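Asks: Got a structure for you, written out below as structure tokens; questions coming shortly.
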Amino acid sequence: MASILLVTSSPRGADSLSTRFATQIAEGLMVRTGGTLSIRDLAAAPLPHIGQAYIQGRVAPPEERTPEQAEAVRLAQELVDEVKAADLIVLGSGMINFGPPSQLKAWFDHITWPGVTFGYGEGGRPRGFLTGKKVYLVAAAGGVFSEGEWAPFDFQTGYLHHLLGFIGLTDVELVRVEGTVFGPEAARAAIDVTAGRVRSVLETLHA
């Protein structure tokens, strides 16, 4: 029985396509694996941006942390524990100004923790510790960034792949929904393509 973590981040609420398809994948995984589902909605409950309390608190001995530092570290540890407990992780990210939402960036800033989720080995090479997990990344964009003239400006998917890999999450399956800003017909076609992709992803699993 798999433990599934769904992390959504779009501020668009019910209109968010990244949230819609990420949720479909997570719920489909739960049905097919008989697993459990935990949800972290970063738009409904935004994380604070990291500050001095977190930066200093994570390196201070626990008994020497101030109350503010202890709370900052407690929150980061809670987020890390959620990822560690998950066998399957589904991330929803809607492009904002060519990159991921700041809510999702804040989540990564908390869980990218030296000595906890990554370290440095021989020759200073980084090594991620959160290995052995499958990640489904649902990336939404109004334009088309998978190919063509706008592809060089996709600072969302490459960046998220790098962050995931840096902490050991290298088995990543990307599901795009894109090209929805070119009118209602184009939007429906784009949504249909992604819906088919989601079905294909889930059909490869065995209950």
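Asks: Averaging sequence separations of C-alpha pairs under 8 Å and six or more residues apart, then dividing by the length of the chain, give the relative contact order as a whole percent.
Replies: After rounding, I find 23 percent.
Asks: ³J(HN,Hα) across region 7-13 via Karplus (A = 6.51, B = -1.76, C = 1.60, θ = phi - 60°), whole Hz, x for Gly/Pro?
Replies: 10, 10, 8, 6, x, 8, x
Asks: Helix 102-111 versus the longest principal axis of the chain: what angle, 0 to 90°, nearest 10, using Cα atoms?
Replies: Relative to the chain, helix 102-111 is tipped by roughly 40 degrees.
Asks: Divide by every residue of the chain the summed helix terms, -39500 (n - 2.57) for each DSSP H run of at least 4, and state the resulting mean residue ellipticity at 222 nm, rounded to the nearest 500 deg cm²/dmol.
Replies: -12500 deg cm²/dmol
Asks: Among all stretches of the chain without exposed GluC sites (Glu not before Pro) (DSSP loop, at most 15 other Cβ atoms within 10 Å), which one is longest? Numbers along the way, then the final one.
Replies: Details: sites that count: GLU147, GLU149.
Counting only loop sites that pass the neighbour cut-off, the longest clear stretch is 1-146.
Asks: Where only protein heavy atoms count, and the probe is 1.4 Å, what is the accessible area per residue for the chain in Å²?
Replies: Numbers: 10490 Å² over 207 residues.
Per residue, the chain has 51 Å² of solvent-accessible surface.
Asks: Tell me, what % of the accessible area of region 95-207 is carbon and sulfur with a 1.4 angstrom probe? Intermediate values should be presented prior to the final figure.
Replies: On the way: 3230 of 5890 Å².
With neighbouring chains kept in place, the figure for region 95-207 is 55 percent.
Asks: Place a point 7 Å from Cα of ALA60 in the direction of its Cβ. Which residues in region 79-108 have their backbone N less than 13 Å from it?
Replies: Those under the cut-off are none; the list is empty.
Asks: Give me the percent relative contact order of region 113-207, please, defined on Cα pairs under 8 angstrom at least 6 residues apart.
Replies: It comes to 29 percent, rounded to a whole number.
Asks: Report the extension gain between ARG125 and TRP150 in nm, rounded to one decimal, defined as 0.36 nm multiplied by the number of residues separating them, less their alpha carbon distance.
Replies: Extra length from ARG125 to TRP150 when fully extended: 5.8 nm.
The values are calculated or read from the model by the stated rules, or taken from the named source; none is laboratory data. Only a predicted model underlies this, so the values are computations on that prediction, with no experimental measurement involved. Ideal geometry is used to build each Cβ from the backbone, glycine not excepted, and the neighbour counts take in all protein chains shown. Remember, those area values only see protein heavy atoms, side chains included, never the ligands or the DNA or RNA. Shrake-Rupley method; radii C 1.70, N 1.55, O 1.52, S 1.80 Å.
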